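Only the coordinates and a few stated rules stand behind these numbers; no lab work does. Bear in mind the structure is a predicted one, so any value in this text is a computation, not a measurement. Cβ placement follows ideal geometry from the backbone for every residue including glycine, while neighbour counts extend to all protein chains displayed.
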Amino acid sequence: MFDLDDTPAYAGQTSNLRNRLRQHFVRQDSSVSSYGRLDPWDIATVAWWITDQTDRAEQKLLADFEPYLNFADGNNITVQIDTIDTGTPNGTFALMSKDEQSFRRQPYNRVKQKIEHINRMVDKIKYANHSDDTRRTLYEHKRILEQNLEEFLGVEESDN
């Protein structure tokens with residue numbers, strides 16, 4: 001999954017892409033969505049690769065793309081398996097129209113949405129005591145908010 005800036009945001013595997021995307025974006029009942037790790041508003045594009053070696057392919061995608069919402073296990077393993085060509089997905093599609101992408105890319109809209117997402121995450125962490133990865137994700141969303149604020153305000157943090 002790629003965000004509004006076409007930056008790799010999240011990677012995972014599934015045997016049924018349509019159902020998995022419904023879980024993430026419609027029902028928002030996948031663990032990665034319901035805990036706030038994935039902010040569905042940020043995701044613009046999905047790419048997929050077809051393979052029989054899903055575990056190895058997933059590791060290759062994680063190693064090559066380093067999506068910011070997937071946390072490395074600390075091993076920093078370089079995957080040298082040619083299960084898939086990460087430069088050539090079997091398919092890609094936009095999750096929204098170009099007009100909607102343009103709307104979501106506007107700095108004001110990005111800041112407001114990210115603040116709302118962080119607010120929901122803070123509540124979930126406080127009341128449901130989520131995992132360390134969920135807590136770490138809050139810092140990733142804070143980093144994104146800071147970038148969005150810099151763009152919205154037209155200043156860099158160091159200019160303050």
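Below are the figures for this structure:
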| item | result |
| --- | --- |
| Matching residues, segment 129-142, being surrounded by 12 or more Cβ atoms within 10 Å (Cβ to Cβ), out of contact with any Asp or Glu (no Cβ under 8 Å at 6 or more places or on another chain) and not in a loop (DSSP other than H, G, I, E, B) | 133, 134, 135, 136, 137, 138, 140, 142 |
| Residue satisfying condition, being surrounded by fewer than 15 Cβ atoms within 10 Å (Cβ to Cβ), hydrophobic (A, V, I, L, M, F, W, C) and in contact with a strand residue (DSSP E or B) (Cβ under 6 Å, 6 or more places away or on another chain), within set 72, 94 | 94 |
| Helices (runs of 4 or more DSSP H) enclosed by segment 7-108 - at least 3 residues per element that are aliphatic (A, V, I, L, M) and in contact (Cβ under 8 Å) with a residue 24 or more places away in the chain | 54-65 |
